[in-house]
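The values are calculated or read from the model by the stated rules, or taken from the named source; none is laboratory data. From a predicted model like this one, the values you see are computed outputs, not experimental measurements. Neighbour counts are summed over all protein chains in view; Cβ atoms, including those assigned to glycine, are modelled from backbone coordinates with ideal geometry.
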């Protein structure tokens, strides 16, 4: 843990999360300098410690989600272990958990129980489908919530089965949304002395990503049936994914951008054209418009050259980068969108930067991630005031656990 | 605006945003009870006032993003109009804007200028590619940032061009992430008296959705080349989208879930099977596994029946709902994932609920969205202390503007 001050220095969070959604919430706090105690269930700890082991058996998955977190590993099945977790509640501002709804209550750690330990505690529960409602007890994965939300139905070709995005966007953005709830509740607590239970479901987070679909289906009384429209948006043209020789480009050439795209293509004839010069008709004849643009695009050896040409004329456009292409991209490096972590076990590797930039704090304070149970001693001694003898006894009974990575 | 107290009651936000990413940030504050003054540039105001006009010329797009916001509409091109905006800065905690980088400075409202008006101001700037770096001046749309981030490259079939999700997830989740930065900065200001400039780019937000792709490409030194893998995840099987008779199902039947899926399919033979009973071999023979499951799935008239069958056996699964199917789904209704807004102009329609649930506050306080310039008089009088004569003079000069919806 870095000792440099950061924007949330002093905030204390008890982190009972694992996998991705929960840890993405506590990652926001840890990367902003809060004191986050990640309590992992022994013997193996967070399940992701077995994932993305590239380099000295270290889980890069764990590292990416755990910079500046402290790790305490206890046996949850042992009452003494569980008692330690509950003892920690008295010393923190916030408890975050992402167990299946009901599991915290079964462990004697419902919000009501936590309030008895600390009356103004803020508890944040993250789940797939929420703490309430008939589906709440379903087992949760990101894609399950995404399927229910209608978001999956909006990805792909309308005549084929939909596709799933191969990124953890539901889990991660749910964790971020949870941190909004916690920070709002903290503000309220600081002003009133009252705690709060914050309930966050992936389903609700995914559902609000429908910026138009829900209200259009509802207000049109079913006349509008929102569905996926392939590689192009449905309401203006051209706007979407265009195939070039060595990859694809995203091009937004609609409305006032059409004249700039025509200039890029050196096709003034398309600007005054009876069909292509008209916004509505261009949408009706979208397939032809796409063909014109892709034919032009394929005249370049690389989409990057075509993008450079379009940029000269101010067309909003981008190469569709592969992940590999992003990693050493000058913009990503200069801005810290990608950062190099120097992990004590795995060594140096690149991962995404923290998505928030503050004017008065460094973008990358050089935090490191903990090994399993690395802070057992520190936390039990400094936070709970246990003696070395007590801690050693807990370790020898297998209630406190440490791992090599 | 509701007068019921809510979790952020008392917080004052000056909202200079339009379109989707910026308004999604200030929506978080408004729906949690903050006093959000949305300043719109005359004559037409926020461009989205022209979008999703279904019912009495009211923009449902605007309503969805603007519940509990106040609208003040001024002519930004008139120095007196711009002066009013600057005057408001002195009376708020936070200013949020999503102009193209540089535009605020051109209007004399850089962070340095705002600090001269209010020394502890928190300014939040939202843009596509961030305030810094060689790409920062590019024109920004959600899909442009998505293309650069490598996220688009992770959606679709690996042998074809990628697809774009037809939902506003980049813009909206960027707005949510921005609200995290603002709330953290507020906590810091309350403790130290110091303001902050928060810089949020869609690119950075999208990029952190790569939970494994970036570190795997980096640490494997290019041996792992992350790309889209279609309708199924790449590392376990079966897990993904399966085609049924009347739609698709999301099924997670890997590892310990496989036995439950075999039980659902009444195929104990697949559990002890030399190939299908083995996790690694099932992944190698994924296409065959998909065919077995889809053949079984098509034995049901509806995927909903198959999902019910799998649920009996505890298989994580879901119907892939269309947006229409979500709207009257009992879980969505009971939980408030969908809510009915009673808009004074458009009447009743459904839209997504606020994604955060607090134990001590109602999920839906019944907020309404403002008409253009509805709060001109109220804000200028109550916040800036202008007289009725002054306000009338500004209106008659066209500096203050009101619209019917």
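Report yes if some residue within the range A:77-91 is more than 14 Å from chain B (Cβ to nearest Cβ), within 18 Å of the chain's Cα centre (by Cα) and more than 16 Å from residue A:401 (Cβ to Cβ); otherwise report no. Give the derivation first.
To start, the set of residues in the range A:77-91 that are more than 14 Å from chain B (Cβ to nearest Cβ) comprises A:77-91.
Filter again for within 18 Å of the chain's Cα centre (by Cα), leaving none.
Checking the range A:77-91: not a single residue is more than 14 Å from chain B (Cβ to nearest Cβ), within 18 Å of the chain's Cα centre (by Cα) and more than 16 Å from residue A:401 (Cβ to Cβ).
I'm trying to understand the selection: among the residues of the range A:191-224, which are at the interface with chain B (Cβ under 7 Å from one of its Cβ atoms), free of Cβ contacts under 8 Å to residues at least 60 places away in the same chain and more than 19 Å from residue A:155 (Cα to Cα)? Result: A:218, A:219, A:220, A:222. A residue that is out of contact with any helix residue (DSSP H, G or I) (no Cβ under 8 Å at 6 or more places or on another chain), within 7 Å of another protein chain (Cβ to nearest Cβ) and surrounded by fewer than 24 Cβ atoms within 10 Å (Cβ to Cβ) occurs nowhere in the range B:175-182.
Can residue A:100 be described as in the same structural domain as residue A:198 (by TED's automatic domain parsing) and either surrounded by 20 or more Cβ atoms within 10 Å (Cβ to Cβ) or more than 24 Å from residue A:176 (Cβ to Cβ) (or both)? Against the criterion (in the same structural domain as residue A:198 (by TED's automatic domain parsing) and either surrounded by 20 or more Cβ atoms within 10 Å (Cβ to Cβ) or more than 24 Å from residue A:176 (Cβ to Cβ) (or both)), residue A:100 does not qualify.
Residues in the range B:21-51 that are facing chain A (nearest Cβ under 10 Å), in a loop (DSSP other than H, G, I, E, B) and surrounded by fewer than 23 Cβ atoms within 10 Å (Cβ to Cβ): B:51 only.
Candidates B:335, B:267, B:282, B:286: the one that is within 29 Å of the chain's Cα centre (by Cα) and either free of Cβ contacts under 8 Å to residues at least 60 places away in the same chain or surrounded by fewer than 20 Cβ atoms within 10 Å (Cβ to Cβ) (or both) is B:335.
Can you spot a residue in the range A:125-145 that is more than 10 Å from chain B (Cβ to nearest Cβ) and over 24 Å from residue B:352 (Cβ atoms)? No: the range A:125-145 contains no residue that is more than 10 Å from chain B (Cβ to nearest Cβ) and over 24 Å from residue B:352 (Cβ atoms). Considering the range B:228-237 alone, what residues qualify as being surrounded by 16 or more Cβ atoms within 10 Å (Cβ to Cβ) and under 30 Å from the mean Cα position of the chain (by Cα)? Result: B:228, B:229, B:230, B:231, B:232, B:233, B:234, B:236. When residue B:55 is tested against the conditions (1) part of a loop (DSSP other than H, G, I, E, B); (2) farther than 20 Å from residue B:378 by Cβ; (3) modelled with pLDDT of 95 or more, the lone failure is (3). Filtering the range B:346-361 to residues that are in a strand (DSSP E or B) and more than 25 Å from residue A:194 (Cα to Cα) leaves B:347, B:348, B:349, B:350, B:351, B:352.
Are any residues in the range B:310-322 surrounded by 17 or more Cβ atoms within 10 Å (Cβ to Cβ) and either modelled with pLDDT under 95 or over 11 Å from residue B:251 (Cα atoms) (or both), and if so, which ones? B:321, B:322 - these are the residues of the range B:310-322 that are surrounded by 17 or more Cβ atoms within 10 Å (Cβ to Cβ) and either modelled with pLDDT under 95 or over 11 Å from residue B:251 (Cα atoms) (or both). Inside the range A:228-245, residues that are in contact (Cβ under 8 Å) with a residue 60 or more places away in the chain, within 7 Å of another protein chain (Cβ to nearest Cβ) and in a loop (DSSP other than H, G, I, E, B) make up a count of 3. Residues that are farther than 21 Å from residue B:51 by Cβ and either surrounded by 24 or more Cβ atoms within 10 Å (Cβ to Cβ) or touching a helix residue (DSSP H, G or I) at 6+ places or on another chain (Cβ under 7 Å) (or both) occur at least once in the range A:205-213. When residue B:275 is tested against the conditions (1) touching a helix residue (DSSP H, G or I) at 6+ places or on another chain (Cβ under 9 Å); (2) closer than 30 Å to residue B:312 by Cα; (3) within 11 Å of another protein chain (Cβ to nearest Cβ), the lone failure is (3). In the range A:292-307, the qualifying residues are those that are assigned to a helix (DSSP H, G or I) and over 36 Å from the mean Cα position of the chain (by Cα), and the one that is nearest to residue A:255 (Cα to Cα) is A:292. All conditions in (1) in a loop (DSSP other than H, G, I, E, B); (2) under 30 Å from the mean Cα position of the chain (by Cα); (3) crowded, with 23+ Cβ neighbours inside 10 Å hold for residue B:225, with the sole exception of (3).
Would you confirm whether or not the range B:201-214 contains a residue that is within 24 Å of residue B:120 (Cβ to Cβ) and at pLDDT 95 or above? The answer is no, given that none of the residues of the range B:201-214 is within 24 Å of residue B:120 (Cβ to Cβ) and at pLDDT 95 or above. Filter the helices (runs of 4 or more DSSP H) completely within the range B:78-137 down to those with at least 2 residues that are touching a residue at least 40 places away in the same chain (Cβ under 8 Å). In the range B:78-137, the matching helices (runs of 4 or more DSSP H) lie at B:79-89, B:111-117. In a residue-by-residue description of the range B:375-397, the property of being part of a loop (DSSP other than H, G, I, E, B), surrounded by 16 or more Cβ atoms within 10 Å (Cβ to Cβ), touching a residue at least 40 places away in the same chain (Cβ under 8 Å) and touching a strand residue (DSSP E or B) at 6+ places or on another chain (Cβ under 8 Å) applies to at least one position. Taken across the range B:350-360, residues that are away from chain A (no Cβ under 11 Å) and in contact with a strand residue (DSSP E or B) (Cβ under 7 Å, 6 or more places away or on another chain) do not occur at all. Taking the condition of being more than 8 Å from chain B (Cβ to nearest Cβ) and assigned to a helix (DSSP H, G or I), how many residues in the range A:308-327 meet it? Adding up the residues that qualify gives 4. The set of residues from the range A:153-170 being under 18 Å from the mean Cα position of the chain (by Cα), more than 15 Å from residue B:229 (Cα to Cα) and facing chain B (nearest Cβ under 7 Å) comprises just one member, A:169. Examine the range B:366-373 for a residue that is facing chain A (nearest Cβ under 8 Å), under 30 Å from residue B:7 (Cβ atoms) and under 23 Å from the mean Cα position of the chain (by Cα), and state whether such a residue exists. Scanning the range B:366-373, I find no residue that is facing chain A (nearest Cβ under 8 Å), under 30 Å from residue B:7 (Cβ atoms) and under 23 Å from the mean Cα position of the chain (by Cα), so the answer is no. Residue check: is residue B:70 surrounded by fewer than 24 Cβ atoms within 10 Å (Cβ to Cβ) and in a strand (DSSP E or B)? In short, yes. Considering A:130, A:140, the condition of being closer than 30 Å to residue B:227 by Cα, in contact with a strand residue (DSSP E or B) (Cβ under 7 Å, 6 or more places away or on another chain) and crowded, with 24+ Cβ neighbours inside 10 Å is satisfied by A:140 alone.
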